[in-house]
DNA sequence: GCGTTTAATGCAACAGTGTAGCGTTAGCGG
DNA sequence: CCGCTAACGCTACACTGTTGCATTAAACGC
Ligand SMILES: [Mn+2]
Ligand SMILES: [Mn+2]
Ligand SMILES: [Zn+2]
Ligand SMILES: [Zn+2]
């Protein structure tokens, strides 16, 4: 989504259009995949934008709270943030065991058939694949398809 | 699994049978669900066993590394540890959004049909349900069944 | 443009989780 | 019982994220 308008989106949610906020959202749009707080900071450096740690955390939280971004857990217990797409956040994710990158599998439409034990009330399901991403080397090349046991 | 023999299992893996190690494994067996490092520490207190933080971390790692326990991510980016059952660790998990407890859904046999995009090599799939556990109160009572969109 | 309001920022201090080094203790094999 | 060394316990540290509070600056009405 290269031509999104960060400032406009932020203003539309009633937030103040600040340099950090627009820059962070622009970074998320450009990243194309969920990136960590730290990666956002580096991208801000490259754009010559200040990046106080706390402000950055708060900015990312604000974006998530206003549906402009979503966050997904990474393999190293650090959140990854991604610019929100239309239609919520209904897709699986992939975590690379080698480089730690996280990818949204938006094209993937997995079918999960399951019935929870009695008493458990379902909010949402989260499906995460672990393995090696296209950019990483590695021996086991199981590009296997269904079915997959969790 | 109330009658497992921690000491025997530890010895069988070639590890030294220490007080901490056997106590930790016994705690995991008794817990019945994946518990955090901190919860293990509390349980050790109740049994009058020392629980140096670092030793506890290393003990848990050792148990995981020798297939006597497995760890699963919690909602608060702290690992939860569970005594390992036979047949690896092929099941989904449930995270309660209210109390933070994690449950293994061993009885659940979800079928996931999916084909990863080209270049991604699959290691394993991880299916996690989020919602409210039987012990927690809450409004939304969707004990819904399949299909579920992640 | 110029004040006023207050959302957002920047800084310091802190909490929680997990790791690295290293000297000491104790499990186990002889 | 002895000796070897795995495991322990302690200190110090890294990383992720939060809280409090004084300061700055975005928005708005004039
Ligand atoms: Mn996503
Ligand atoms: Mn499990
Ligand atoms: Zn990779
Ligand atoms: Zn609960």
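Quick one: is residue B:117 at the interface with chain A (Cβ under 7 Å from one of its Cβ atoms) and at pLDDT below 95? Yes. Contact map, the range B:105-117: first residue more than 16 Å from residue A:111 (Cα to Cα), second residue within 16 Å of DNA strand C (Cβ to nearest atom) and at pLDDT 70 or above, Cβ cut-off under 9 Å, separation 6 or more or different chains; pairs are B:105/B:93.
Sub-8 Å Cβ pairs linking a first residue in the range B:90-101 that is farther than 11 Å from residue B:134 by Cα and in contact (Cβ under 8 Å) with a residue 40 or more places away in the chain to a second residue that is within 14 Å of DNA strand C (Cβ to nearest atom) and part of a strand (DSSP E or B), at least 6 apart or interchain, are B:93/B:72; B:93/B:102, ordered by first then second residue. Of note, residue B:117 satisfies the criterion of being away from DNA strand D (no atom under 16 Å from the Cβ) and in a loop (DSSP other than H, G, I, E, B).
Let's see how each residue does on (1) away from every other protein chain (no Cβ under 12 Å); (2) surrounded by fewer than 13 Cβ atoms within 10 Å (Cβ to Cβ):
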residue	(1), (2)
A:31	yes, no
A:35	yes, no
A:46	yes, yes
A:51	yes, no
A:63	yes, no
A:78	no, no
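Considering each of B:8, B:74 in turn, give the residue that is within 13 Å of DNA strand C (Cβ to nearest atom) and within 24 Å of residue A:129 (Cα to Cα).
Working: B:8 fails: within 24 Å of residue A:129 (Cα to Cα).
Among B:8, B:74, only B:74 is within 13 Å of DNA strand C (Cβ to nearest atom) and within 24 Å of residue A:129 (Cα to Cα).
In this structure, residue A:54 does not satisfy being more than 16 Å from ligand 3 (Cβ to nearest atom) and in contact with a strand residue (DSSP E or B) (Cβ under 9 Å, 6 or more places away or on another chain). Whether any residue in the range A:25-36 is at pLDDT 95 or above, closer than 15 Å to residue A:78 by Cβ and in a loop (DSSP other than H, G, I, E, B) is what I want to check. Checked the range A:25-36: at least one residue is at pLDDT 95 or above, closer than 15 Å to residue A:78 by Cβ and in a loop (DSSP other than H, G, I, E, B). On inspection, residue A:21 fails the criterion of being modelled with pLDDT of 95 or more and either assigned to a loop (DSSP other than H, G, I, E, B) or closer than 30 Å to residue B:109 by Cβ (or both).
Examine the range A:83-105 for a residue that is surrounded by 16 or more Cβ atoms within 10 Å (Cβ to Cβ), at pLDDT 95 or above and more than 23 Å from residue B:124 (Cα to Cα), and state whether such a residue exists. Yes, that holds for at least one residue. A count restricted to the range A:85-97 and to residues that are touching a strand residue (DSSP E or B) at 6+ places or on another chain (Cβ under 6 Å) and either within 23 Å of residue A:6 (Cα to Cα) or more than 10 Å from chain B (Cβ to nearest Cβ) (or both) stands at 1. In the range A:136-144, the condition of being exposed (fewer than 12 other Cβ atoms within 10 Å of the Cβ) and either modelled with pLDDT of 95 or more or within 21 Å of the chain's Cα centre (by Cα) (or both) is met by no residue.
The values are calculated or read from the model by the stated rules, or taken from the named source; none is laboratory data. A quick note: this is a predicted structure, and the numbers were derived from the prediction, not measured. Glycine also receives a Cβ, built like all others from the backbone with ideal geometry; neighbour counts cover every protein chain displayed.
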